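Here is the structure we will look at, set down as structure tokens.
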């Protein structure tokens, strides 16, 4: 019984592996014709440059290996382009983050300058206020002195 199940399993695995191998052939035949002869011009030209052989004079196996190699190269190229695009996007993202950081620093510097300027203006206003109060105090003292002088000058005249 176990032998029978193992035999069935082995046969099933062999058939499935043949199906996987046939799927490449079937896919290529659907895309490029039953003998793989219906290829676009750029592929035939590339084949001729690579193998130094005319497309019509090539064998099925040569065309098949060329198509498989072409698809692998195409997939690798797409992965490379995707990786390059990802790297470029990452670089642009880092550059944008750097620009944002510089803008934040510039804003902070401007805020600090404005705060410093505001503090200087406030201190200047305070100094001006103190100066004006001092001037007013001195003017009052001067007026008082003048008043006293005027009164002292008036009193002697009134006593005479």
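If you check residue 100 against the conditions, is it out of contact with any strand residue (DSSP E or B) (no Cβ under 6 Å at 6 or more places or on another chain), assigned to a helix (DSSP H, G or I) and more than 30 Å from residue 47 (Cα to Cα)?
Spelling it out, residue 100 is indeed out of contact with any strand residue (DSSP E or B) (no Cβ under 6 Å at 6 or more places or on another chain), assigned to a helix (DSSP H, G or I) and more than 30 Å from residue 47 (Cα to Cα).
Kindly indicate which of 65, 58, 86 is assigned to a loop (DSSP other than H, G, I, E, B) and modelled with pLDDT of 85 or more.
Just a single option satisfies the conditions, and that option is 58.
The values are calculated or read from the model by the stated rules, or taken from the named source; none is laboratory data. Everything quoted here is computed from the prediction, not taken from an experiment. Positions of Cβ are backbone-derived with ideal geometry, glycine not excepted, and every protein chain shown enters the neighbour counts.
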